[in-house]
Structure formats: C-alpha cells, structure tokens
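Just below is one structure, and these are the notes that go with it.
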Amino acid sequence: MLNAMMTAALAKTEIESALAQRFGAAFQRREKRPIEILPTGVNEIDALVSGLPRGAITEIVGAVSSGRTSLLLSALAVATRQEETCALVDCNDTFDLWSAKTAQVDLDRVLWVRCNNRLERAFKATDLLLQSGGFGLVVLNLADVAAKCARRIISSWWFRFRRALENTPTALVVITPIACVRSCARMVLEVNKETAVWLEAIPVALKSDDARLRIKRSREPATTQARHLSLVTGSNQNGSPESLLPHSRLFRGICVRVNQERPAAWIGSPVKFSAQVYL
Amino acid sequence: MFACIYGRAFPERGRDAATLLIDLAFTFSPLVEQTGTDTVVIDVDGQELLFGAPVSSGMPESDWALNIANEITRRATLSDVKVNVSIAANPDVAIHAARSFKGITVIPVGEELRELGGLPLKMLDYSLAGIDQEKAEEIRETLGLWGIRTFSDFAKLSIAGVAQRLGQEGVRLQKLAQGKSERHLHLFQPPVGFEQALELEHPVAELESLSFIFARLLNQLCANLNSHALATNELRLYLKLEDKTKYKRAIALPVPMRDPKTFLRLLLIDIESKPPQAAIIAVMIRAEPVKPRELQTGLFIPLAPEPERLELTLARLAKLVGAENVGSPELLNTHRPDAFRMTKFRLNYRSGKNAGNTSRLALSAGRMRELPAMGFRVFRPPWPAEVQSMQQRPARINARGASSSYVICGQVVCASGPWRTSGDWWRADLWARDEWDVAVRSSSSEQSDVLCRVYRDLQSEEWFVEGVYD
C-alpha cells in the first residue's frame, strides 16, 4: 500500500516536472496571497468582513431604494479619503454628484465614465480601467439595468474581470439589481430596505403598511436633538451636530439590512445599518 | 589642426550668409566655433583618412591639410560664397591668417610667427584674448607710442617688460601675436528644434501605413528629447492633405513624457476619432520641450495609475464613450439642480510626507460621519410623470424614462413636501419648482416601496421624477 502511494507520488512529480519543462509555470500551483481589504465605511459591515476584498469582485445586489448607492458612496468616500484613485463606470448615467459630495467623496479622485445606457460600453470601459491598473476602487454601476438584461450578461466578462484583477490591489464593485456575477464574485452583499424614516410626512395611501414603512409625525422644530433621536432607530441614535439640520426635503433616510450571500451566510442575523440624508 | 573659414564681404549678405557658413563648416566637422558672423573655425583633427592625398599622386602625406582647404573652397564656391581658408595648429593663428590672406593659407607648426609676423598690429583681434574694447584701445595707443607696428615687433618684446607695463592683458595679447595662445573652441550649438517632418512620395490614406511613419518620426523626436534630458507635455501634429488643406491636432499631456510608444498610440487614437478628409502627403510632428517629471516615490504613497498608461486609457475611453463623457466631475457654484461640468481627469499628487500618514488617515476617518449618507440616483433627463393629486398632494404616479428599463408606477403611500426652489430668474432658462419626496408602492410587483423625488415645474405645470433615493 505504501509502495503504491510512493509510486503514485513519484509519477505525479515526474509528470509535473515534464509539464513544467514544456509549458513553464502554467501548471504550477500558485500561492494565495493574503486578501487585502478596502473598508466600506459602514461600521457594521466592516466589523464583520473588514470591507471589500482587493483583487476580487464584490457584488452588491438590491432593488431600487434598497440602499445600494448609500453603501457605494460610503466605500467611495473611504477610498478617496485614503488618497486612492477611483473610477466609476456609470452605465445609466445616474451618479448624483450632490449626494456624493455630502457623503464626503473627493470627486477630484473619481474618474467618472458615463455610458449613456450602453451596457456593452460599460463593460468595455471597465475592462480598459482594469487593464490600465493602478486604481484602488473601480465601480461598475449596473443598478438601473433591467433584470432580464443583467441575466443575459455573458459570464466571460466576469471571468475576464476576475483574471485582470488577480494579484492587483484593485477592488471591483458591481452594483446590480439581481445577482449576476455568480461564481466570479468573491463576496456578494444583498441589500434590502427595512424601513424609511421621515422627518415629517403625510400618509397618502389608505392602507399604509407600518411594518415596512415607519412614519414619524412631529410638529416640533426640526433642530431639536430630541426629535432627531426619536427618528433614528437602533444604535445610531446619537445624532451628531451636523445631522441635526433637517433635510430640506424632509426625508431622513432608510434602515438597511445587508445579507452576505457569498462565500457564506452571516453568522447570526443580517447586518443592519442606517443611511441618513444630510443637508 | 584647425581650419578657419572667413567669408569675404559678409556684412552685406546678412545673417543668411552666416548660416550658410555654419552649414558649410558642419559638413566637415561637428566641432565648430562661430567666432563672428563672417568667421568660423573647425577642428579638423582626425580627418587625415578622409582628405589624405592619394598615394598615386605622389603628394606628401602632410599635405592633407591643403586638400581640406581645397575642398572647403570648392564647396563654398558651389554655394556661391567667396571665402578665405587657413589651416594652422592654433585656432587664433588660423583666424588671423584667414582674415589677412586671400585664398588658402596653410601654416605649418612652429612657423606661426614667420607667417603672421608681417601683419600690422591693427589686425590683432583683441577679443580673442578676452580683452574689452576700452582696455584694447589703451594698449593699442601705448604700443603705437612705443613704435610697435607689426605682430613680430610685439612678439619680440620681453615678456617681463610687457607684464610690468601692460599687465596680464598685455601678456595674453603678446601670446596671441606670437601664435602661442592656448584655448579651446567655443563650440557652436545648433538651435534645438523638437520637430520632425516628412514629405511622402505617395499620398497615404490608411491609418496602418501612417502608423509606421509616425513611429519613425516619434522615435527620432523622443531620441532628440532624451539626448537633451527633456520631455514634452504637448504634441502637435500637422498633416498636409492631398486636397491642399491642412489638418492639425494637439494632444496635451498631463505630465511630461518621452515614450514614443505612448505617443504613437495617443496619436493614432486621436486620428481615429477625427480622421482627416483626404489622403496625407506630408507629416510634421512638433513637441513642446519641458523638463521631465520629477516625482519622489515612496513606500507610503497611495496607489495611483501610471500617468502614461492612464493617459492612454483616458484616450481609449474617450474614443469609446465620447470625450464629454469621461473625466472628473466638478460641481458648479449654483443652486440649479444637477449642475456640473466634466473636467479632464488628472492625478492628484499630494505632498509625500502627508500621503499615507496613518495618524492623519485615522484623524480623517474619525471625522467621517457615523451614519452613511443617503445615496441618490438622478435621472438624466428627468422622467416626465403623470401625477394624480389628492388634496394638493401627489397620490398616484406613473413615470417611465425614455431609455429606462423600469417604470415608477403606483400609489403614493407617503409624501413629504412641497419644498419650493427657484433660481436664475434673470436668465431665459430660469427654474422654479415644488419638490416632493414620495414613497411609491407598485401595485403589480412585490418589491418594496420606491423612494423617489418628484417635482412640479412651475413654468410648465408638468410633473417630473428627478431620481430615486437608494
């Protein structure tokens, strides 16, 4: 038995050496480098997964108004604060500069590529950026692409991106309405909106679903701290001075639930965080 | 050995003749001194093999200098220039001989004084000894009082006496008269022109063929820049077309570069985006010379793309999506919604000592807001919407973008507003609107409510969806 194992091991070594002579290092096993992380800026997520993996694809999946863009802006703000060069490939040209500015994104460090609803252009532009190298964070924003179009995206693009990203310090974030990166994504975050928080709103619908939409009425002046504290749920009730200013449009923010689908489910319950509208 | 070419009657012919003389000198040697507009000196050492006398002629080998002088005279005659040529072991002797004797003069080594001794002292060029005009006049007057009339008279004076009476300037002047002065040539540096041009024998209409021509010109251009330790931050391309028109392109580079491959790709991408309308018959590329980029790299400088590769990537992206769709966004100083402009993306290099400073980053991170800012996605252009109002509040919305994949259609379950904004009332494109933040629940799908911002344009009384919170 031992002899047979030894013989097999020797034969394997011989075959590998022969292949190495013929094909070079193509068949050699590569050592996995330790994963570098780019923080997202959302404390709840960073506490669990540290952030976005560099040299890999991270997919953020969610429906409209689920909080995907809030998470993206937070990551962009952190990356630009670390003086990294970022690129945003905007398939549907929906990147809002004012919200990016309020999220403290340094726009001078963001290369914005507007693709005017051309999906193929977006992928080609992303490919050019990844091949160019040197970017800390590259974002492919497919948030407004129809689900049926997202499903039709051929896998070879994702494999190409994954290959281009290998052993580079670039983190690629893809925002999609449905999960479409599949096995090429190292991490998939599913984002859902739990509740919307209003400063002062009037329920118009006759049947309002309080379980999903929490409406707070208040007639007190908007600049009191007590009022702010009554609006934000969970552990984030300690309003900072700048957050006391009400948003002109009276919409305060949303509470977001994030579930990690890949590579493994969260241990325990999904992560929750709140996104807030700043003036 | 040095050869001096003196152009006769040159002041009348102007600067063109001086250039002609320089060009003539450079056909013999790269070591050329332009002593005056009518005088150039060439270092002809090492040209024995080129101008040596043929063995069959029986001429002594040392007469190669005469051959050079003859050749210079012959070429000058072809250029319609009358010159005196002299060859000597000392450049100053050659200069004096060329200015004083017509035709060709060859002065053997050691016989300088014998050849020049009879020249009047007024032929002595004081500037060759580094003496200014005022001092020269003073010395000339003194020598005249002493009865010194010729080079040989001056050369025969004792050096101690000259030094005592005329100082160091007098000593230098005496050595000049003796033909024993020692100096190096002040080499003429041709003006550096960083441009390359080529006229084509046949018109070229294909880009692939043109790329070879560009590559050749750019290689020469970059080699020229490299030899002067310079780079360029702007490339200008001039094409002469078959239909007698001209085609110009300028490529501004973010940082000084001198890589011919990068330049070639940039030019080709640029031409592909705006091709010339006719075949090309002449090409000229000009580079603006600047000092090369100086960047101190360090371990803690954050990641950034290489400028050369980034420039290529930007050019390719501009070709892919249009130049107006690539760049760095800049918010305009106005309250008008979604007012911005695109600027050229440039890498931000901050001071190295600040970059990567962990304590500073920690401080920055500390200043970040505890809650993430709410994201918004803006529709460009805004979606026209059909809005049913109830008690002056939006109650039902139906909107769809021209090129959008989804619709915002459903009942408004929650609304907040209106928030009236207006501006630019002094302009034709003034804006005034009432904004609402609404939550729309779709009746058909199971997805959660869509939080969007709608507004009613007060000019047209129409409703629009500006974007969605996300």
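Coordinate-derived values only; no laboratory data. For clarity, every value in this text was computed on a predicted model and none was experimentally measured. When we count neighbours, we look across all protein chains shown, and the Cβ atoms used for this are built from the backbone with ideal geometry, even at glycine.
At a glance:
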quantity: Residue-wise HN-Hα coupling along segment A:44-60, computed from phi with Karplus coefficients 6.51, -1.76, 1.60 (Hz; x: Gly, Pro); calculated: 5, 6, 4, 5, 8, 10, 6, x, 8, x, 7, x, 8, 9, 10, 10, 10
quantity: Segment B:97-214: mean projected area of Cα convex hull, nm²; calculated: 12.9
quantity: Protection-proxy order for peptides A:130-141, A:186-197, each taking the mean of Cβ atoms within 10 Å per residue, highest first; calculated: A:130-141, A:186-197
quantity: Selection of chymotrypsin sites (Phe, Trp or Tyr not before Pro), segment B:376-444, meeting DSSP coil and at most 16 other Cβ within 10 Å; calculated: B:W425, B:W426
quantity: Debye intensity ratio in log₁₀ form over the Cα atoms of segment A:46-165, taken at each q of 0.15, 0.16, 0.20 Å⁻¹; calculated: -0.68, -0.78, -1.29
quantity: Spatially proximal aspartates and glutamates relative to A:K193 (Cα-Cα < 18 Å; intrachain offsets below 8 disregarded); calculated: A:E44, A:E59, A:D144, A:D209, A:D210, A:E261, B:D437, B:E446, B:D449, B:D470
quantity: Interatomic Cα distance distribution for segment B:171-266, bins of 5 angstrom, percent; calculated: 2, 10, 17, 18, 13, 9, 6, 4, 4, 4, 5, 5, 3, 1
quantity: Farthest toward positive dipole pole in segment B:45-204 [+1 Lys/Arg, -1 Asp/Glu at C-beta], among B:G161, B:A97, B:A76; calculated: B:G161
quantity: Scattering profile of segment B:376-469 at q = 0.23, 0.24 Å⁻¹ [log10 I(q)/I(0), Debye over alpha-carbon scatterers]; calculated: -1.21, -1.30
quantity: Loop-resident sites, segment A:46-152, for trypsin sites (Lys or Arg not before Pro), counting at most 15 other Cβ within 10 Å (DSSP); calculated: A:R152
quantity: Ranked list, fewest to most other Cβ atoms within 10 Å of each Cβ, for A:T7, A:T170, B:T37; calculated: A:T7, B:T37, A:T170
quantity: Members of A:K148/B:K344; B:K135/B:K156; A:K124/B:K344; B:K244/B:K274 lying beyond 23 Å, as alpha-carbon distances in this model show; calculated: A:K148/B:K344
quantity: Along principal axes, Cα extents of segment A:132-183, largest first, whole Å; calculated: 32, 19, 17
quantity: Summed residue charge, Cβ within 11 Å of B:F2's Cβ, Lys/Arg positive, Asp/Glu negative; calculated: -3
quantity: Residue order, fewest to most surrounding Cβ atoms within 10 angstrom, among B:M123, B:M390; calculated: B:M390, B:M123
quantity: Viscosity 1.567 mPa s, 4 °C: Kirkwood-radius Stokes-Einstein D of segment B:2-178 over Cα pairs, µm²/s; calculated: 75
quantity: Neighbouring partner chain Cβ atoms per residue of B:187-194, average, 10 Å criterion; calculated: 0
quantity: B:L66, A:L19 arranged by Cβ crowding within 10 Å, fewest neighbours leading; calculated: A:L19, B:L66
quantity: Straight-distance crosslink candidates among aspartates and glutamates, where the alpha carbon sits under 16 Å from B:K122 and sequence neighbours closer than 8 are dropped; calculated: B:D92, B:D132, B:E134, B:E137, B:E138, B:E141, B:D153
quantity: Overall Cα dimensions of chain B, principal axis frame, Å, largest first; calculated: 121, 58, 48
quantity: Inter-chain shielding of B:407-420 (mean C-beta neighbours from other protein chains, 10 Å cut-off); calculated: 5
quantity: Chain B, relative contact order [Cα under 8 Å, separation at least 6], %; calculated: 8
quantity: Segment B:2-178: relative contact order in percent, alpha carbon pairs under 8 Å with at least 6 residues between; calculated: 19
quantity: Between 0 and 90°, nearest 10: helix B:307-321 axis offset from chain B longest Cα axis; calculated: 50
quantity: DSSP-assigned coil residues among GluC sites (Glu not before Pro) in segment B:269-335, each with at most 13 further Cβ atoms within 10 Å; calculated: B:E294
quantity: Net charge contributed by nearby residues that have their C-beta within less than 15 Å of B:E134 (K/R +1, D/E -1); calculated: -3
